[in-house]
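The values are calculated or read from the model by the stated rules, or taken from the named source; none is laboratory data. Predicted model only: the values in this text are computed from it and were never measured. Positions of Cβ are generated from backbone atoms using ideal geometry, with glycine treated the same way; all protein chains shown enter the neighbour counts. Just the protein is used for accessible areas: all its heavy atoms, side chains included, with ligands, DNA and RNA removed. Shrake-Rupley method; radii C 1.70, N 1.55, O 1.52, S 1.80 Å.
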Amino acid sequence: QVQLVESGGGLVQPGGSLRLSCAVSGSIFSINAMGWYRQAPGKQRELVAHITSGGSTNYADSVKGRFTISRDNAKNMVHLQMNSLKPEDTAVYYCNADLLTPDITGATLTRYWGQGTQVTVSS
């Protein structure tokens, strides 16, 4: 069974830093794109950062210059380094990954999501 498990959330003061991690486990052939989304109370889930299998990245305008997404292909992990955090960054952060997994037809490409980790930025 494929799982994505996030870690690293918590409470931090404005201006502080956190590093989120997401580990992919289970039976997979390969991992394509990976990303981080967030959802604040009363708001829609939004893209924070995205990284392709080749390492190309893109970011939401609100986090450019402050957040950095990276991936460790050997460990099937994606990370989000968050610096200069602001109260408006408070949200539940979700990782996702487009996974090629085995099935009876051979292989299927599916987007999987983690369970989310809370990030709270407050003094």
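The table below gives the values:
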{"quantity": "Whichever lysines have a C-alpha closer than 19 Å to that of residue 64, once near sequence neighbours (fewer than 8 apart) are set aside", "calculated": "86"}
{"quantity": "Along the chain, longest interval not containing exposed trypsin sites (Lys or Arg not before Pro), exposed being DSSP loop plus at most 15 other Cβ atoms within 10 Å", "calculated": "76-123"}
{"quantity": "Point-to-point label distance, residue 68-residue 45, nm (Cα→Cβ direction, 7 Å offset)", "calculated": "2.7 nm"}
{"quantity": "Taking the chain and dividing mean pair separation by its residue count, relative contact order in percent (alpha carbons under 8 Å, at least six apart)", "calculated": "35 percent"}
{"quantity": "Built amide H within the under 5 Å cut-off of residue 85, gap 5+", "calculated": "15, 16"}
{"quantity": "Cα lying deepest toward the dipole's positive end in the chain, options 113, 87, 102, charges on Cβ", "calculated": "87"}
{"quantity": "Per residue accessible area in Å² of segment 36-123, where ligands, DNA and RNA are left out and the probe is 1.4 Å", "calculated": "53 Å²"}
{"quantity": "Computed Kirkwood radius, in angstrom, where 1/r is averaged over Cα pairs of segment 16-58", "calculated": "12.6 Å"}
{"quantity": "The chain - charge dipole about Cα centre, Lys and Arg +1 at Cβ, Asp and Glu -1, debye rounded to 20", "calculated": "200 debye"}
{"quantity": "Label-to-label distance, nm, for residues given as residue 111 and residue 1 (7 Å Cα→Cβ offset)", "calculated": "2.3 nm"}
{"quantity": "Whole-percent carbon and sulfur share, accessible surface of segment 18-61, 1.4 Å", "calculated": "47 percent"}
{"quantity": "Per-residue ³J(HN,Hα) for segment 64-70, Karplus 6.51 cos²θ - 1.76 cosθ + 1.60, θ = phi - 60°, Hz, x for Gly and Pro", "calculated": "4, x, 10, 10, 9, 9, 8"}
